[in-house]
Amino acid sequence: MLAILIFIIGLIIGSFLNVCIYRIPREESIVFPPSHCPNCKLNLKLKDLIPLISYAVLRGRCRYCKARISPVYPFIEFLNAILYFLIYIKYGLNLEFIKFAFLASLVIVIGVIDYFTTDIYTNTIIVGLIVGIAFAIISFFVEGSIMIYIIGSLIGGGVISLIILLTNGMGWGDAELLFIIGLFLGVRLTLVTLFLSFIIGGIVGGILIILKIKSRKDYIPFGPFISIGAVISILFGEFIINKLLF
């Protein structure tokens, strides 16, 4: 029952993530005005905002103007819910669950926005930085160590910063994202995130070039690959380190 409750909470928070993903690039408040149809501008009622169910009942269209609703909305809701469920199954209901669930939601927002806009917005980084520092401080009192998180952030941000300085092939937002991920994951899982980001990014980029969807000169946002790498590290990072790499 607790796992089901966590899944439902993940759906609800996933609905809020959709608001963030839509409004942050438009520099709109994520609190006001209330949720509304971007086409007809009418405020949505509670029955229009039930995660997954409302989309299915309305068949992916606005109740009032019949404009098509992007399938990205239910996908984000389900993705966030299933990640909360899996993180709970792995870690239980404790401080680690709260920390990693927050990070999962944060990288969903950052990764999806970067995918659609090729930008990582400063306000999302600031939120991640504040919460990451808070969790690092809490870890100091609980675990007696804070250096693994400080070093993790320096490694994550430092590697990308070095690549930027040497090749100018990435954005500073990528370095900032990996810096805050390091505050949450520590040294080992940050290294796994880096490794996975480059592997996944290389494979996807190569496929896009082979299929001629992108050329070698086209910019491909790296934030989504970092986000995917972070989520995989949360769920399977220690397994990858212990069983696959060593």
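The values are calculated or read from the model by the stated rules, or taken from the named source; none is laboratory data. Quick caveat: nothing in here was measured; it's all calculated off a predicted structure. We place every Cβ from the backbone using ideal geometry, glycine too, and count neighbours over all the protein chains shown. Protein only, heavy atoms only, side chains kept; ligands, DNA and RNA dropped before computing areas. Shrake-Rupley method; radii C 1.70, N 1.55, O 1.52, S 1.80 Å.
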Discussion item. So, in segment 69-113, how many residues would count as being outside any helix (DSSP H, G or I) and more than 17 Å from Ile234 (Cβ to Cβ)?
Written reply: 3
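Okay, residues lined up against (1) open to solvent by less than 20 Å² (accessible area, probe 1.4 Å); (2) closer than 24 Å to Pro74 by Cα:
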residue	(1), (2)
Leu103	yes, yes
Val109	yes, yes
Tyr115	no, yes
Ile125	yes, no
Gly132	yes, no
Ile148	no, no
Worksheet item: Which residue out of Glu77, Glu96, Glu27 is in contact with a helix residue (DSSP H, G or I) (Cβ under 7 Å, 6 or more places away or on another chain) and charged (D, E, K, R)?
Response: Glu77
Response to the item:
Here the qualifying pairs (Cβ atoms under 7 Å; residues six or more apart or on different chains; first in segment 52-72 and charged (D, E, K, R); second buried (at least 16 other Cβ atoms within 10 Å of the Cβ)) come out as Arg61/Ile69; Arg63/Asp48
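For (1) surrounded by 12 or more Cβ atoms within 10 Å (Cβ to Cβ); (2) on the phi > 0 side of the Ramachandran plot; (3) charged (D, E, K, R); (4) at pLDDT 95 or above, each residue gets a yes or a no:
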site: Asn39; (1), (2), (3), (4): yes, no, no, no
site: Ser54; (1), (2), (3), (4): yes, no, no, no
site: Arg68; (1), (2), (3), (4): no, no, yes, no
site: Asn80; (1), (2), (3), (4): yes, no, no, yes
Worksheet entry | Options Ile180, Ile207; residue that is more than 20 Å from Asp119 (Cβ to Cβ) and among the β-branched types (Val, Ile, Thr) | Ile207
Worksheet item: On the given criteria, is Ala3 touching a strand residue (DSSP E or B) at 6+ places or on another chain (Cβ under 9 Å), aliphatic (A, V, I, L, M) and open to solvent by less than 50 Å² (accessible area, probe 1.4 Å)?
Response: no
Discussion item. For segment 187-227, give me each residue that is surrounded by fewer than 16 Cβ atoms within 10 Å (Cβ to Cβ) and small (Gly, Ala, Ser).
Written reply: Gly202, Gly206, Ser215
